[in-house]
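Note sheet for the following structure.
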Amino acid sequence: MLLRHTTRSMSPLSLLSTHSFSLFFSPKPSLSNLKPSLTPKFRNLISNSSISSSISPISYPNSQTLDFDVEPYLSCSMPGKRLKVAVLVSGGVDSSVALRLLHAAGHSCTAFYLKIWFQEDFENFWSECPWEDDLGYAKAVCDQVDVPLEVVHLTDEYWEKVVSYIVEEYRNGRTPNPDVLCNTRIKFGAFMDAINSTDFHYVASGHYANVIHSSVDALDKPSTLELSRDMVKDQTYFLSHLDQSQLKHLIFPLGRISKDEVRKLASAFSLPNKDRKDSQGICFLGKIKFSDFVARHIGEMEGIILEAESGDFLGKHRGFWFYTIGQRQGLRLPGGPWYVVQKDTKNNVVFVSRNYYSVDKRRRMFRVGSLKWLSGLPPDSMSELQCKVRHGPSFYRCNLTMVSGENGIGDAAVVHLSEDDQGLAPGQFAAFYQQKTCIGSGIILEFWDDEGFPVCEKALEIASTEDKSKLGKPVKIKVKPESPQAGNTEKAGSIDSSSSTNKKVEVEQEVTDSLSSSWMQKLKQKFMQLF
């Protein structure tokens, strides 16, 4: 197992009890003899001195007792037995409430802040990174209940396992997902490896998801990942690429609590960050502009923009890696809206269209590779599954057909969606579900030739031309005539909720926000407006 504990005669799961208890306040636990011993490797990664020497103190009210009934919120915090839990804190509201719930459940908690900012070549940006404020808030939250806080330096690991991968994916014209990689390789990867020989029973965080562990009499049964109560905030998509050895050692105290309730709990706990705004999920950029990050690591190379349907030369761009399929902002073309519909990475050409959402150009079939199943095994049936192709509350019904991976290596599958989706971006993840249970995920691969957005022969011929200086000046773009469908605000990957058949899967509650874009599309849209 990844995590080891000192109670040798009992497994972590055998320490749990199915009954709950009323808990109106939690006495401050004595941690003097419970602080875990650290391996030499882990000890070198941890720094306590940086907390007191470089972080400005934050004033907060001391809250040792609770004046409200916290028991209804402890169902995902394993109340009833005293466990040793390593809690990942970020300085945000979600992880802070998760920490306080575990503390209220009577567990011995140690908080860990992961410092994963850039290496020395981005040192000039560090003054703009929010980690000092984050750590200051995390320390204030922990001080309220005397929970020890450690700082873990995983900058090198993050650079090697996440940032370098992101850079390479963009260089190859794909759109990676940093949040999925951060969870799999850092938060529940490098960090859990570092505490492998300590005596924590579980690792906890403020993710909105449910982990269902086996009962005492079925310890060999796999743990499962289930949807959270708050379907808009649900983060199972970002956790879908974990493996069973990671999942078995996780607790998510917010799994059955809505975001609104978390905010109320933050006020009830008198947390110093109770009014702090939510982070935007940019786990490695901080306040660095996306364009600066890409330009720093890949550079710039002038290319041309062509209309996919006509081959008209519309303008120039700084490099195809600044764009993703479905992108609208940052094109600087009149007469729009224009959308990026294809990229020729070999010739550094970006194809755009104003007809991105026309019915005849939608897709409902794509390939995924690097498949990983949370149970360790594929499901018995590949039909009647559900699929998320981006973070958000919307699902598609789907069927999978297993095929050989690229070059015959690994498992891959062809995914057949029940409805069309225009926002499928190679490099993103597709997560698969059976009812409420997330069963695994894979990476969306490049489309087959006959599945991509149709690019005319003239455009393809111009793109392959070596001397593009002969193209002259860009054509004057005419304003597109309004159609009966003008004003349609449909977004990539949306589902027509007004359809009488309504094929979207409803889980536990009615979801009103069905138009959630992918993380990286949001990130790009935010930053591309700046240049």
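The values are calculated or read from the model by the stated rules, or taken from the named source; none is laboratory data. Because the structure is predicted, anything quoted here is derived from the model rather than measured. Backbone-built Cβ (ideal geometry, glycine too); neighbour counts: all protein chains shown. Please note that ligands, DNA and RNA were not included when accessible areas were found on the heavy atoms of the full protein model with its side chains. Shrake-Rupley method; radii C 1.70, N 1.55, O 1.52, S 1.80 Å.
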In the set Q342, Q386, the lone residue that is within 25 Å of the chain's Cα centre (by Cα), surrounded by 15 or more Cβ atoms within 10 Å (Cβ to Cβ) and at pLDDT 95 or above is Q386
Here, strands (runs of 3 or more DSSP E) confined to segment 188-268 with at least 2 residues that are open to solvent by less than 10 Å² (accessible area, probe 1.4 Å) and either within 26 Å of V70 (Cβ to Cβ) or touching a strand residue (DSSP E or B) at 6+ places or on another chain (Cβ under 8 Å) (or both) are 202-204
Regarding segment 481-491, can at least one residue be identified that is part of a loop (DSSP other than H, G, I, E, B) and modelled with pLDDT of 90 or more?
no
Next on the checklist: Suppose the filter is touching a Phe, Trp or Tyr at 6+ places or on another chain (Cβ under 8 Å), touching a residue at least 12 places away in the same chain (Cβ under 8 Å), within 21 Å of T437 (Cα to Cα) and assigned to a helix (DSSP H, G or I); does V180 pass it?
Outcome noted: yes
Inset, instruction - Return yes when V232 is more than 29 Å from W373 (Cβ to Cβ), in contact (Cβ under 8 Å) with a residue 12 or more places away in the chain and not basic (K, R) and no when it is not. - result: no
When every residue in segment 358-371 that is outside any helix (DSSP H, G or I) and surrounded by fewer than 20 Cβ atoms within 10 Å (Cβ to Cβ) is compared, the one farthest from the chain's Cα centre (by Cα) is S358
G299 - would you say it is on the phi > 0 side of the Ramachandran plot and surrounded by fewer than 18 Cβ atoms within 10 Å (Cβ to Cβ)? yes
